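Please read the structure below before turning to the comments.
The values are calculated or read from the model by the stated rules, or taken from the named source; none is laboratory data. Everything quoted here is computed from the prediction, not taken from an experiment. Cβ coordinates were reconstructed from backbone atoms using ideal geometry, including for glycine residues, and neighbour counts include every protein chain displayed. Please note that ligands, DNA and RNA were not included when accessible areas were found on the heavy atoms of the full protein model with its side chains. Shrake-Rupley method; radii C 1.70, N 1.55, O 1.52, S 1.80 Å.
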Amino acid sequence: MRFTKVHGAGNDFVLIDAREFPDFDFVSVVPKICHRQVGVGADGILLVLNSDTCDIKMRIINSDGSEAEMCGNGIRAFAKYVYERGVIKSPSFDVETLAGVMRPELVIDDEGKVTAVRVDMGKPGIECEDVPVQGEGQCLNRSLNVHGRRFTYSSVRTGVPVTAVPVEDPKTFDVLTYGPAIEHHAVFPERTNVAFIKVVDRNNIEMRIWERGAGPTLACGTGSCGVAVICALNGDTERSVDVHLELATLHIDWLENGTVMMTGPAELVYDGELHFLNP
């Protein structure tokens, strides 16, 4: 089974064209594939599948075997792959996901290579019931007690639940301790991505991420979109911001019509072949 290692801003995946394997049990092998020491190593896998309603379908399985509705960095890498490998011929197309239809728009150079991807991520869910999170109305600047420490948090849904937690310095913050504790907190019935953030100015945000089902990753596109929406709702930033991650920067525009647009890089790293010698 052929695969391609891909990443978007350091958020890495094993991408498989699964159109010939529609009935294969990928969930059972994902933990082995994604293991950093005994597998290929990745934050999750992306599957290319045929769609009855869109040009193509993307399925996302996290490294722990759970399925994600959407992945912002993943869809950019997915879009680059299906265009450069000839699966899709148009630089703009519809992708079926569990979070609905997403529409990537590719930036292509003179040699036909995708240099960036702009994705229409749809409209965010900004009510508690949308996220979901316990409570009513919008979940903005609420208080949460974790491991004896009190945090302020805000939550929205941008394909998946996203919770922003302001900290003094995301680069040095103890993500490994507080990330999983907040992800699994009872206030989040479907768990949540946890973004530890610092607002630098009206157009710049620093972020580190703990992803639901994947743990600490170098980047999160849906998380970046969610943080941009949250910071705008709280009045901390404009509706157009750069979200600075560990290896790259994503540009997020929350348009006046309510749609969130994400622009960022994607890379195809190498091709390989999977042989399941010890299933």
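With a Förster radius of 22 Å applied to the beta-carbon distance between residue 190 and residue 255, the computed FRET efficiency rounds to 0.25. From its DSSP helices (H runs of at least four residues, each -39,500 (n - 2.57)), the chain gives a residue-normalised ellipticity at 222 nm of -5000 deg cm²/dmol. Using a probe radius of 1.4 angstrom, the carbon and sulfur fraction of the accessible surface of segment 175-279 is 51%. Under the classification rounded if a/c is under 1.5, otherwise prolate if a/b is larger than b/c and oblate if not, where does segment 140-279 fall, given a ≥ b ≥ c as square roots of the Cα gyration tensor eigenvalues? Cα axes put segment 140-279 in the oblate bin. Label-to-label distance, residue 105 versus residue 23, with points set 7 angstrom from Cα along the beta-carbon direction: 4.2 nm.
Residue 201 to residue 136: FRET efficiency via 1/(1 + (r/R0)^6), r the Cβ-Cβ distance, R0 22 Å, to the nearest 0.05? Calculated transfer efficiency: 0.10.
What full-extension length gain, to one decimal in nm, is calculated for residue 143 and residue 32 as 0.36 nm per residue of separation minus the Cα-Cα distance? Mind showing how you got there, number by number?
Working: separation 111, 0.36 × 111 = 39.96 nm, distance 3.77 nm.
Extra length available between residue 143 and residue 32 comes to 36.2 nm.
Return, ordered by residue number, the residues of segment 17-37 whose backbone nitrogen is under 17 Å from a label point located 7 Å along Cα→Cβ of residue 270. Only 33-37 fall inside the zone, counting backbone N under 17 Å.
Bridgeable lysines around residue 5 (alpha carbons under 27 Å apart, same-chain partners fewer than 8 residues away excluded): 32, 57, 80, 89, 113, 171. Springs join every pair of Cα atoms under 10 Å in this Gaussian network model of the chain, and among 152, 263, 249 the largest mean-square fluctuation is at 152. Between segment 58-82 and segment 229-267, the C-alpha centres lie 19 angstrom from each other.
With the full set of protein chains in place, find how many percent of the accessible area of segment 14-98 is carbon and sulfur; take the probe as 1.4 Å.
Numbers: 1600 of 3510 Å².
Ligands and nucleic acids excluded, carbon and sulfur reach 45 percent.
Average 1/r across all pairs of distinct alpha carbons in the chain, invert it, and you get the Kirkwood radius: 18.8 Å. In a reduced charge model with +1 at each Lys and Arg Cβ and -1 at each Asp and Glu Cβ, the chain shows a dipole moment near 420 debye about its Cα centre. At full extension, residue 53 and residue 152 could sit 31.6 nm farther apart than now, given 0.36 nm per residue minus the alpha carbon distance. I need the calculated FRET efficiency for the pair residue 127 and residue 1, taking r as the beta carbon distance and R₀ as 45 Å, to the nearest 0.05. Using R0 = 45 Å, I get an efficiency of 0.60.
For segment 1-76, the per residue solvent-accessible surface stands at 39 Å², with DNA, RNA and ligands left out and a 1.4 Å probe.
Among 213, 135, 159, determine the one that fluctuates most according to a GNM of the chain built with springs between C-alpha atoms less than 10 Å apart. Greatest mean-square fluctuation among the candidates belongs to 135. Projected onto planes of every orientation and averaged, the convex hull of the alpha-carbon atoms in segment 7-125 covers 7.8 nm².
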